[in-house]
1. For every other residue with a beta carbon closer than 12 angstrom to the beta carbon of Asn84, add +1 if it is Lys or Arg and -1 if Asp or Glu, then tell me the sum.
2. Would you mind checking the tilt of helix 16-29 against the longest principal axis of the Cα atoms of the chain, expressed as 0 to 90 degrees and rounded to 10?
3. Calculate, for Thr13 and Ala73, the FRET efficiency according to 1/(1 + (r/R0)^6) with r their C-beta to C-beta distance and R0 30 Å; round to the nearest 0.05.
4. Report the per residue volume, in Å³, of the convex hull enclosing the C-alpha atoms of the stretch 18-89.
5. Relative contact order, percent, of the stretch 36-102 when contacts are C-alpha pairs under 8 Å separated by at least 6 residues?
6. Around Tyr74, what is the net charge, scoring Lys/Arg as +1 and Asp/Glu as -1 over all other residues with Cβ under 13 Å from its Cβ?
7. First check a/c for the stretch 1-49, with a ≥ b ≥ c the square roots of the eigenvalues of its C-alpha gyration tensor; if it is under 1.5, answer rounded, and if not, answer prolate when a/b is larger than b/c or oblate otherwise.
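A short reminder: the numbers here are calculations on the coordinates, not readings from a lab. Bear in mind the structure is a predicted one, so any value in this text is a computation, not a measurement. For neighbour counting, all protein chains shown are included, and Cβ atoms are generated from backbone atoms with ideal geometry for every residue, glycine included.
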Amino acid sequence: MTSFAVARLRNVTMNPDIGAYLAAIDATLAPFQGRFVIHGSSKDILEGSWPGDLVIIAFPDRQTAHAWYTSPAYQAILPLRTRNSDADIILVDCVEDNHQAIDILKL
């Protein structure tokens, strides 16, 4: 089942470290079949507030997503981002194609 790495990035300081991180992250994703679904695109805030940018990366499953995040290649570049931004990051699975809202009551 598809799993997503979801990040809300805040207070990003654009500098050479962030540039190096952005230049290197795609190569870390490739061995794990990771692909950007959303990457800081413009947004319309309909309720509440949304400080920062949203990034969503899709992976074939949660095990693969976790393997990417903990991989030596990603861990090597991670400080480039963490030194220059604040973030909330989670891994979450996709719902089945026939999912309905009421289905969460069955959990």
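1. Working: positive: Arg10, Arg81, Arg83; negative: Asp17, Asp86.
After counting each charged neighbour, the total is +1.
2. Once rounded, the angle reads 50 degrees.
3. Values: r = 23 Å, r/R0 = 0.77.
Once rounded, the FRET efficiency stands at 0.80.
4. Values: hull volume 7.6 nm³, N = 72.
It is 106 Å³ per residue.
5. Values: 31 pairs, mean separation 18.0, N = 67.
Worked out over the stretch 36-102, it gives 27 percent.
6. On the way: positive: Arg81; negative: Asp26.
So the surrounding residues net to 0.
7. oblate
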